[in-house]
Amino acid sequence: MRYELLRIWESDKKTVVFVTHSISEAIVLSDSVVVLSGLPGQIKGVVPIELPRPRAEKVERSAEFLNYADRIHDMLKGDK
């Protein structure tokens, strides 16, 4: 589904706010990931995603992608 959303975005280039619990989905779909805390919800940080476009499935195996995933995961630690 995420790659279908990317295809649609490529044709229209509209601003989209997408909410997900999936770190990998957030990285693939975003130019920026805003990490929120648990209740009360506050912004813990913003991670600019600088992966090249168009994005394909192989990006999820790249070192750069994995670094973003680790960084976002670390921001979420202790927020349970």
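The values are calculated or read from the model by the stated rules, or taken from the named source; none is laboratory data. Values in this document were obtained by computation on a predicted structure and should not be read as measured data. Here the Cβ positions follow ideal geometry from the backbone for every residue, glycine too, while neighbour counts run over all protein chains shown.
Okay, here's what the table says:
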| read-out | value |
| --- | --- |
| Identity of the residue in the stretch 39-80, of a type in the set (A, V, I, L, M) and exposed (fewer than 11 other Cβ atoms within 10 Å of the Cβ), that ends up farthest from the chain's Cα centre (by Cα) | L39 |
| Selected residue (only one of S22, S11 is of a type in the set (G, A, S) and either surrounded by 10 or more Cβ atoms within 10 Å (Cβ to Cβ) or under 15 Å from the mean Cα position of the chain (by Cα) (or both)) | S22 |
| In the stretch 25-38, the residues that are closer than 14 Å to I72 by Cα, under 14 Å from the mean Cα position of the chain (by Cα) and not charged (D, E, K, R) | A26, I27, V28, S30, S32, V33, V34, V35, L36 |
| Filtered residues of the stretch 45-57 (kept if among the charged types (D, E, K, R) and modelled with pLDDT of 95 or more) | E50 |
